[in-house]
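Student: Pasting a structure here, questions to come.
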Amino acid sequence: MKKLISLYLLLLLSAFSVPGYGQKVTVLGGQKDGSSPQNRRREAPLDLLIVGATIVTMNEKREVLENGSIGIRNGEIVMIGDKVNLAGMLTRRTINAAGKVIIPGLINTHTHIPMVLFRGIADDMDLNEWLTKYIFPAEAKNVDEQFVRAGTRLGLAEMIRGGTTTYADMYYYEDAIADETKRAGVRGVLGETMIDFPVPDNKTWEAAMAYTERFVKKWQGDPLIVPALAPHAPYTVSTEHLQAVRRMSDRLNAPVLIHVAETKKERDDILAQKGATPMKYLDNIGFLGPRVIAAHTIWITDEEIDIMNRHGVGSGHCPQSNMKLAAGAAPIPAMLAKDTAVGLGTDGAASNNDLNMWEEMDSAAKLHKVVTGDPKVATAMQMLEMATIRAARALDLEKITGSIEIGKRADIAIVDMNALHQTPMFNVYSHLVYATKAADVSTVIINGRVVMLNRRLLTLNESVIKKDANLYRKKIIKSLAN
Ligand SMILES: [Zn+2]
């Protein structure tokens with residue numbers, strides 16, 4: 001009887017230790033060439049070996065490995081396995097992640113990183129009032145290259161702390177943003193904003209086109225930075241200019257970031273002026289293609305989702321910003337049902353007010369349950385997908401990041417799982433989306449480089465960043481008083 005009880009307990013325990021939604025825990029194959037552990041001492045040593053963690057791979061089978069290890073060489077994931085499987089490997093450095101969970105680094109598909117310096121400048125108003133009374137004047141009076149650099153460093157530090165390893169950005173002086181991003185060791189799809197009125201860095205459309213071309217040519221081929229074109233939106237850039245952007249994108253083979261259908265007003269105005277709703281209008285003028293990544297896509301029809309899918313257009317869904325500005329809720333359940341490449345994003349910190357992807361996963365799940373009245377939509381697994389592999393697809397980076405797989409770049413977040421708010425754990429996906437906080441991320445690796453170790457930033461100076469940001473606070477307050 002005693003034996004039976006303990007057998008029962010063992011079964012019960014093992015049932016609860018299965019981390020996925022009924023997913024089988026499997027050990028993935030070790031090395032590409034399948035050499036035996038005995039032969040491994042002759043191979044080039046690993047640069048980094050992470051051992052002992054639960055690995056949430058987000059690979060095609062969504063496999064989860066218990067007590068797994070990851071071997072990294074030259075910035076690439078070269079081995080995934082368990083302790084036995086990687087026994088005998090020589091390594092320059094080992095990180096013991098026992099008791100922790102490893103996930104692919106999170107991907108923020110839409111932000112305006114330097115806007116962290118405007119965090120909390122104006123809240124609780126509609127987009128039009130917020131933009132015209134606060135954001136545009138504050139930008140006109142404060143944004144220069146030094147501002148952008150200080151804001152970027154602050155935003156990068158915040159993102160690394162929360163396990164974000166890749167982000168897509170649209171702002172001014174994007175060349176300076178690329179410079180700071182590369183220095184901090186973060187991956188970025190960085191788009192220079194192009195708009196039909198004078199902005200801080202470029203005073204004319206021609207100047208913006210020339211700047212963008214120089215910027216794209218300078219950064220193309222960089223291991224971390226993907227330079228992009230970022231026409232602001234269909235209501236701020238003319239048809240001719242949007243078509244010119246498309247031609248430049250074709251010629252330079254560069255992504256295009258744009259806001260589309262963020263507000264009902266935009267949808268109604270474009271429909272009245274152009275005779276078609278925003279996504280359809282962009283299709284009509286020949287703007288859409290696989291390199292386009294459209295942020296928000298809230299006010300789109302079912303037919304427009306099909307148009308996006310036909311062209312391979314990616315989307316960046318920003319639930320917290322959309323809720324805060326009462327912009328609406330994007331049709332995410334429909335987009336997921338049609339397998340659209342839609343990822344999550346924070347938007348700029350002035351409308352959020354942070355760059356925390358954990359909150360976006362949690363908010364997105366709850367927003368779409370409320371909107372549809374169906375708790376079965378926007379599952380924890382789907383939300384983690386939208387912050388990792390589906391986001392990578394949206395940014396056309398799925399071959400190099402978004403999952404933990406052999407041959408991909410090593411973009412990894414190691415997450416502590418022993419906080420009170422994470423205790424006890426039954427299901428790892430549920431915990432990652434509904435219980436884990438950004439502050440639970442302990443170590444972050446991007447392109448094989450450790451950028452945060454045990455909560456200590458290694459590529460950015462946190463105290464200097466905070467000091468600079470507070471100096472800008474004073475300057476911004478003074479500028480708005482005049
Ligand atoms: Zn935006």
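Student: Grab the DSSP H runs of the chain that are 4 residues or longer, score each as -39,500 (n - 2.57), total them, divide by all residues and round the 222 nm result to the nearest 500 deg cm²/dmol.
Tutor: Roughly -11000 deg cm²/dmol at 222 nm, from the helical runs in the chain.
Student: Among Ile160, Gly68, His110, whose Cα lies farthest out toward the positive end of the dipole of the chain, if unit charges sit on the beta carbon of Lys, Arg (+1) and Asp, Glu (-1)?
Tutor: Of the listed residues, the answer is Gly68.
Student: Let me spell out the model: positive unit charges on the Cβ of Lys and Arg, negative unit charges on the Cβ of Asp and Glu, origin at the Cα centre of segment 216-277. What dipole size does that give, in debye rounded to 20?
Tutor: Computed about the Cα centre, the dipole is about 160 debye.
Student: If you don't mind, another one. Please work out how much accessible surface Lys366 shows to a 1.4 Å probe, ignoring ligands, DNA and RNA, in Å² rounded to 10.
Tutor: About 100 Å², rounded to the nearest 10.
Student: Taking every DSSP beta bridge that has both residues in the chain, what percent is antiparallel when rounded to the nearest 5?
Tutor: 40 percent
Student: How compact is segment 288-332 by the rule of thumb for globular proteins, expressed as Cα Rg over 2.2 N^0.38 Å?
Tutor: 1.16
Student: To test your reading of the geometry: what angle, between 0 and 90 degrees and rounded to tens, separates the Cα axis of helix 239-252 from the longest principal axis of the chain?
Tutor: Compared with the principal axis, the helix lies near 40 degrees.
Student: With charges only on Cβ, +1 for K and R and -1 for D and E, what is the dipole size of the chain about its Cα centre, in debye, rounded to 20?
Tutor: With only Lys, Arg, Asp and Glu charged at Cβ, the dipole is about 1680 debye.
Student: Given Val216, Met361, His421, which one lies farthest toward the positive end of the charge dipole of the chain, if we put +1 on the Cβ of every Lys and Arg and -1 on the Cβ of every Asp and Glu?
Tutor: The one lying farthest along the dipole's positive direction is His421.
Student: Right, here's the next one. Quick one: what does P(r) look like for the chain with 20 Å bins over all Cα pairs, in whole %?
Tutor: Once binned at 20 Å, the Cα pair distances of the chain give 24, 55, 19, 2, 0.
Student: Please state, as a whole number in µm²/s, the translational diffusion coefficient that the Stokes-Einstein equation yields for segment 422-482 at 37 °C and 0.692 mPa s, with Rh defined as the Kirkwood radius across alpha carbon pairs.
Tutor: After rounding, the answer is 220 µm²/s.
Student: Would you mind estimating how fast segment 111-205 diffuses translationally, via Stokes-Einstein at 37 °C and 0.692 mPa s with the Kirkwood radius over Cα pairs, in µm²/s?
Tutor: Taking Rh from Cα pairs, D becomes 237 µm²/s.
Student: Calculated FRET efficiency, Val464 and Lys264, Cβ-Cβ r, R0 30 Å, to nearest 0.05?
Tutor: According to the calculation, E is roughly 0.10.
Student: Using only Cα atoms, figure out Rg for segment 346-392 and give it as a multiple of 2.2 N^0.38 Å. Don't skip to the answer; put the middle values down first.
Tutor: Values: Rg = 11.3 Å, N = 47, 2.2 N^0.38 = 9.5 Å.
The reported ratio for this selection is 1.19.
Student: Return the Cα extents of segment 331-482 along principal axes one, two and three, sorted largest first, each rounded to a whole Å.
Tutor: Answer, in whole Å and largest first: 49, 39, 37 Å.
Student: Rounded to the nearest 10 degrees, what's the angle between the helix 145-161 long axis and the longest principal axis of the chain, both from Cα atoms, 0 to 90?
Tutor: Between helix and principal axis, roughly 30 degrees.
Student: With a sphere of radius 11 Å drawn around the Cβ of Thr388, what net charge do the other residues whose Cβ falls strictly inside it have (Lys, Arg +1; Asp, Glu -1)? Don't skip to the end; give the middle numbers.
Tutor: Working: positive: Arg62, Arg390, Arg393; negative: Glu385, Glu398, Asp411.
Residues near Thr388 contribute 0 overall.
Student: Let me ask something additional. From the gyration tensor of the Cα coordinates in segment 392-462, what semi-axes in whole Å does the equivalent ellipsoid have, largest first, with each one equal to sqrt(5λ)?
Tutor: Semi-axis lengths for segment 392-462 are 23, 19, 10 Å.
Student: Now a separate question. For Ile477, what accessible surface area do you get with a 1.4 Å probe? Give it in Å², rounded to 10.
Tutor: For Ile477, the solvent-accessible surface is approximately 90 Å².
Student: How do 295-305, 339-349, 48-58, 445-455 rank on mean C-beta neighbours within 10 Å, highest first?
Tutor: Ranking the peptides 295-305, 339-349, 48-58, 445-455 by packing returns 339-349, 48-58, 295-305, 445-455.
The values are calculated or read from the model by the stated rules, or taken from the named source; none is laboratory data. Note that the structure is a prediction, hence the values are computed from the model and not measured. Please note: Cβ atoms are built from the backbone with ideal geometry, for glycine as well, and neighbour counts cover all protein chains shown. Surface accessibility is based on the protein's heavy atoms, side chains included, excluding ligands, DNA and RNA. Shrake-Rupley method; radii C 1.70, N 1.55, O 1.52, S 1.80 Å.
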